[in-house]
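Here's the structure we're looking at; comments come further down.
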Amino acid sequence: MIKLNRVTKMYMRNRALYDVDLELTKGKIIGIVGPNGSGKSTILKIIAGLTHPSKGNVTVNEVKVDRLIANQVSYLSELDEYYGFYNVGQTIDFFATQFQDFNKEKAEEIRKFMKLDRDSKLKHLSKGNRGRLKIVLTLSREVPVILMDEPLSGLDPMVRDSIVKGLISFIDLENQIILITTHEIKEIEMILDEVIAIKDGDIIGHHNVDDLRSEKNMGIVEWMTEIYR
Amino acid sequence: MKDSFHSSQPIYRQLADRINRQILRGELKPNDKLPSVRDMAIQSNVNPNTVQRTYRELEGISIVETRRGQGTFVTENKEVLSELREYLKKEEISRFVERMHEMGYNGKEIQFGVTAFLRDEKGDTEQ
């Protein structure tokens, strides 16, 4: 479903990714872990068509990725880029006008699940509720690929829990693939099918999480401690 | 049932183990319907794929059966259930015995120890 073939990405003279090969199949939740600046976000941006590889190529569903891939990919940015003067309801409605695949009923369902008030102004939302709203907007799109850049970072445990539960409740694993970059491994470990570890722009490990447990008797944290030593 | 899985065993197996224990304790009765895959995933905070695998494993050993369009049910087959009971007993005992051997107790000591323990426990409950 997603294929990276010998992808290298340079930012000026800095190498963000180096000669990365990766093949991912649908129906899975995949975690990308690694220190800050290791290339996690770059991988997502390249798959989303938001930045282009310096070398190599990327395909989603056999289609070469360019900016038009946005109609197959829902991307949750690390940043908050919404209109402060909109309220929650207006933001959802605005998103519905931007993406044909946006399912408004689903958005309402997730909004209620996240206990967000349609009338709250965005500039008055707490950080936690902005995090929840981002989940509403990202998961309401009916697209094969969902990319989430640090959906849990900087949020308190209750918000993180509601986001993880929201993911379990509203993703469609028959048709979708979900890629999540994160440092919050404990929270998300139980919902990952696979984990990919990145270091200095290189994939240094890629495992099925249950295989890690049964073959190496290790959870993700123990595994990372071993490979990042 | 709060979500604490340990890291040394696949989650699907730990979840299967939980369900087996619920059956033995009578919290799940023969012919009871298990939660849907999605609901079970939400309840136990795990990936729906994991729940699916758990149900498949349990189906493989005939503890549950999936009825088309209706869901997954605990078997009514008494033989299978008593096998499960026997199996879990052996499993628990072997774990216990292994740890006792590790600490240097021999078979006799373990046996006496268990007998004495059960006798005391019985004394306690009769008082």
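Here are the numbers:
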{"read-out": "Segment A:75-229 - charge dipole about Cα centre, Lys and Arg +1 at Cβ, Asp and Glu -1, debye rounded to 20", "value": "760 debye"}
{"read-out": "Chain B: relative contact order in percent, alpha carbon pairs under 8 Å with at least 6 residues between", "value": "20 percent"}
{"read-out": "Peptide-level mean, for A:206-215, of C-beta atoms on other protein chains within 10 Å", "value": "3"}
{"read-out": "Net charge, A:VAL58 excluded, C-beta distance under 13 Å - Lys, Arg +1, Asp, Glu -1", "value": "+3"}
{"read-out": "Relative packing of B:29-35, A:135-141, which averages over residues the other C-beta atoms within 10 Å, highest first", "value": "A:135-141, B:29-35"}
{"read-out": "Selected from B:SER36, A:PHE85, A:VAL58, residue furthest toward positive end of dipole (the protein assembly as shown; charges at beta carbon)", "value": "A:PHE85"}
{"read-out": "Cα gyration tensor shape for chain B, rounded if a/c is under 1.5, else prolate or oblate", "value": "prolate"}
{"read-out": "0 to 90° range, to nearest 10: angle between helix A:88-98 axis and chain A longest Cα axis", "value": "60 degrees"}
{"read-out": "Proximal charge balance of A:LYS9 [Cβ under 10 Å; K/R count +1, D/E count -1]", "value": "+3"}
{"read-out": "DSSP-defined antiparallel bridges as percent of all bridges, the protein assembly as shown, nearest 5", "value": "60 percent"}
{"read-out": "Acute angle (nearest 10 degrees) that the helix A:104-113 long axis makes with the longest principal axis of chain A, alpha-carbon atoms", "value": "90 degrees"}
{"read-out": "10 Å Cβ neighbours from other chains, averaged over peptide A:137-148", "value": "0"}
{"read-out": "Total lysine pairs under 22 Å (Cα atoms) in segment A:51-203, excluding pairs fewer than 8 apart on one chain", "value": "28"}
{"read-out": "Per-selection Rg to Rh, segment B:79-126 - Cα, Kirkwood hydrodynamic radius", "value": "1.10"}
{"read-out": "The protein assembly as shown shape via C-alpha gyration tensor axes, a/c threshold 1.5", "value": "prolate"}
{"read-out": "With Cα atoms, 0 to 90° folded angle of helix A:127-139 axis to chain A main axis", "value": "80 degrees"}
{"read-out": "Mean Cβ count within 10 Å, highest first, over the residues of peptides A:6-19, A:192-205", "value": "A:192-205, A:6-19"}
{"read-out": "10 Å Cβ neighbours from other chains, averaged over peptide A:157-170", "value": "2"}
{"read-out": "Globularity ratio of segment B:11-76, using Cα Rg and 2.2 N^0.38 Å", "value": "0.99"}
{"read-out": "Cα gyration tensor, segment A:4-47 - rounded (a/c under 1.5), prolate or oblate", "value": "oblate"}
{"read-out": "Computed magnitude of the charge dipole of chain B (debye, nearest 20; Cβ of K, R +1, Cβ of D, E -1)", "value": "420 debye"}
{"read-out": "Cα centroid separation, segment A:1-42 to segment B:19-44 (Å)", "value": "39 Å"}
{"read-out": "Dipole in debye (nearest 20) - segment B:11-76, about Cα centre, beta carbon charges: Lys, Arg +1; Asp, Glu -1", "value": "100 debye"}
{"read-out": "28 Å Cα-Cα reach of B:LYS78 towards lysines, excluding residues that sit fewer than 8 places from it in its own chain", "value": "B:LYS29, B:LYS33, B:LYS89, B:LYS90"}
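Just so you know, all these numbers are worked out from the coordinates, no wet-lab data involved. On a predicted model such as this, the values are computed, not experimentally measured, just so you know. Every residue, glycine as well, gets a Cβ built from its backbone with ideal geometry; the counts of neighbours run over all protein chains shown.
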